[in-house]
Amino acid sequence: MSFHAKDLAAKIPPTFTLGIATAAFQIEGALDEDGRGPSGWDVFAKKPGAIVDGHSPVVACDHYHRMPEDVALMKELGIDSYRFSLSWSRIQPGGSGPVNRPGLDFYDRLLDLLLESGISPMVTLYHWDTPLPLDEAGGWMNRDTAYRLGEFAAIAAAAYGDRVARWVTVNEPATVTTNGYALGLHAPGESQLLQALPTVHHQLLAHGLAMQALRAAKVPGEIGMTNVYSPMVPASSNPLDKLSSGLMDVFQNRLFADPVLLGKYPDVIRAATFFTPFSPSGEDMQLISQPMDFYGLNYYMPTSVAGGPGEGAVPPGMAEAMGDDLSGSAPGAPFHITAFPDAETTAYGWPIKPEYMAVALSEMAERYPDLPPVFITEGGASFEDVVIRDKAADRMIIPDERRLRYLAQHIATALEATAPGGAAESIDLRGYYVWSLLDNFEWSAGYKQPFGLLHVDFDTLARTPKASYYWLQEVLAARKDAAAAAVDARAAGEPDPVA
Ligand code: BGC
């Protein structure tokens, strides 16, 4: 496959959105400024051993102070859309009750600047940073948290509804349940294994209530939610591996997508006697499965699953990447994630398998015939970057070819799979968002897993475009040129040059 920007640009329909994504807690810093309240992540990150090498999110990328510079870099990149999340604690410090004007103002300025720069905003209401008072009251184990997100959605709708093109209610509830409540790797750091199941329902209910609030406010923007999807692959043809892979598929994929897209929990979950801490009412299920304008799908990698307990809570390569701090948290589960023997991996140890992007889309198409239009709301890769000083030109060069190759392969595969004749041709794929704009605070992995198209020097906070940034800039420019040529050709009555 060619990675030339022009070749990829030629495959991208003119109406397809190419975007870039971030999340508030990973980039903003300024945790104690302008009336922001603490979030559960502020506290979790201070726990000894919670974050690799004790890295702190207090400054992160300092985006709170450097936001205009970051928007200018996006404008220069030529991106169509920017997906960012609101810090709930900055806007509503208590997680309920009064709003904090300076917090609201920050996103007001950001939205205005984006629109002036020709960038369409996609806003995520909840990307994991729960206000601390809500976490202290039980977090997502407590049904009340769902109603609080519904109220927060109404606040956001009133403040920003006129300018937001697309809303994502909740990002990756699967990761919050698994890492935050089942394995203790993320805030709030609870290791409750299957007892964490109520957090699934409460987050999905929060999605439903947030949607209801946005609809009630009659926001003109489209509304959806984002789930991560990882195709599950048995490590061998051994029946135990197959069974385990099927179970992982239920717990990581279907548990979160079925209720939203089919209006019910997977049968195996409903049948399980351990799933009794709550009994979802018909009313809840209706809220959860309201029709969405789009579905957000995060795809990073497939997962190879083997039967029997493994060494740790995370796959072998990833445990090494994250250091001793995390590799010891073995959950004693009856199955585990294992490495793909033949796969190149990212710095995280994640297998790079672009062909599974097509598998993810075709499985989604098969399972969910009424799937609304889809945006891939995240995809990207962490690699250890090398920064080279070009003395002659007095600038830094960051040759991250592996990252740009990852992006090119995944975007091309997604487009091919959803084109007529492709494995997922029934899916109306509307866009792809690169994770991420900046190297940032990668949750428990601290600053050790850089995903950015912009390198961040965490001593000086200087941003430097990597080769992947320049490559995407070329893709975007070539796509615009091709679209302009098509318009000219049509005006002159000639055949369309891109057709
Ligand atoms: C999350 C991001 C995270 C990325 C890479 C996604 O699961 O939404 O917050 O940084 O993956 O791990």
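The values are calculated or read from the model by the stated rules, or taken from the named source; none is laboratory data. Note that this is a predicted model, so its numbers are computed, not measured. Note: ideal-geometry Cβ built from the backbone for every residue, glycine included; neighbour counts use all protein chains shown. Side chains are part of the model used for accessible areas, which takes the heavy atoms of the whole protein and leaves out ligands, DNA and RNA. Shrake-Rupley method; radii C 1.70, N 1.55, O 1.52, S 1.80 Å.
Identify, please: which residue in the range 234-249 is open to solvent by 30 Å² or more (accessible area, probe 1.4 Å) and of a type outside the set (S, T, N, Q) and is, among those, farthest from the ligand (Cβ to nearest atom)? Ranking the candidates gives PRO239 first. Annotation note: Cβ proximity below 6 Å between a residue of the range 76-100 that is farther than 21 Å from LEU18 by Cα and a residue that is crowded, with 17+ Cβ neighbours inside 10 Å and polar (S, T, N, Q) (sequence gap 6+ or interchain) occurs for SER89/SER39; PRO93/ASN100; VAL99/GLN92. Tell me the residue from TYR160, TYR181 that is free of Cβ contacts under 8 Å to residues at least 60 places away in the same chain, within 16 Å of the ligand (Cβ to nearest atom) and over 22 Å from GLY452 (Cα atoms), please. The unique qualifying residue is TYR181. On the basis of being part of a loop (DSSP other than H, G, I, E, B) and touching a residue at least 60 places away in the same chain (Cβ under 8 Å), does ASP34 make the cut? Judged against the criteria, ASP34 is a match. Only one of these conditions is not met by TRP435: (1) touching a strand residue (DSSP E or B) at 6+ places or on another chain (Cβ under 6 Å); (2) over 30 Å from ARG367 (Cβ atoms). Which number is it? It is condition (2) that TRP435 fails.
Within the range 166-207, the set of residues being in a helix (DSSP H, G or I) and of a type in the set (Gly, Ala, Ser) comprises ALA174, GLY180, ALA182, ALA196, ALA206. For the residues ALA419, ALA392, the requirement of being open to solvent by less than 40 Å² (accessible area, probe 1.4 Å) and at negative phi singles out ALA419. For the range 392-432, the tally of residues that are in contact with a strand residue (DSSP E or B) (Cβ under 6 Å, 6 or more places away or on another chain) and basic (Lys, Arg) stands at 1. Once the range 141-157 is narrowed to residues that are touching a His at 6+ places or on another chain (Cβ under 9 Å) and surrounded by 18 or more Cβ atoms within 10 Å (Cβ to Cβ), the residue that is farthest from HIS201 (Cα to Cα) is LEU149. Of all the residues in the range 366-384, those that are closer than 17 Å to PHE458 by Cα and either more than 16 Å from the ligand (Cβ to nearest atom) or open to solvent by less than 10 Å² (accessible area, probe 1.4 Å) (or both) number 2.
Screening the candidates ALA343, ALA414 for the property of being more than 16 Å from the ligand (Cβ to nearest atom), free of Cβ contacts under 8 Å to residues at least 24 places away in the same chain, closer than 18 Å to PRO231 by Cβ and of a type in the set (A, V, I, L, M, F, W, C) yields one hit, ALA343.
Can PHE256 be described as at pLDDT 95 or above, aromatic (Phe, Trp, Tyr), within 16 Å of the ligand (Cβ to nearest atom) and closer than 17 Å to PRO369 by Cα?
yes
Here ARG479, ARG430 are screened, and the one residue that is in a strand (DSSP E or B) and away from the ligand (no atom under 16 Å from the Cβ) is ARG430. Examine the range 94-108 for a residue that is at pLDDT 95 or above and within 20 Å of the chain's Cα centre (by Cα), and state whether such a residue exists. Yes, there is a match, as at least one residue in the range 94-108 is at pLDDT 95 or above and within 20 Å of the chain's Cα centre (by Cα). Tell me, yes or no, whether the range 475-490 has at least one residue that is in contact with a helix residue (DSSP H, G or I) (Cβ under 7 Å, 6 or more places away or on another chain), within 19 Å of ALA347 (Cβ to Cβ) and surrounded by 15 or more Cβ atoms within 10 Å (Cβ to Cβ). The answer is no; no qualifying residue exists.
Among the conditions (1) small (Gly, Ala, Ser); (2) farther than 21 Å from SER39 by Cα; (3) open to solvent by less than 10 Å² (accessible area, probe 1.4 Å); (4) touching a strand residue (DSSP E or B) at 6+ places or on another chain (Cβ under 8 Å), GLY161 misses just one, which is (4). Among all residues of the range 446-456, there is none that is away from the ligand (no atom under 16 Å from the Cβ) and of a type in the set (S, T, N, Q). So which pairs qualify, if the first residue must be in the range 285-297 and surrounded by fewer than 18 Cβ atoms within 10 Å (Cβ to Cβ), the second must be acidic (Asp, Glu) and at pLDDT 95 or above, the Cβ gap must be under 9 Å, and the two must be at least 6 apart or on different chains? The qualifying pairs are PRO291/ASP370; ASP293/GLU222.
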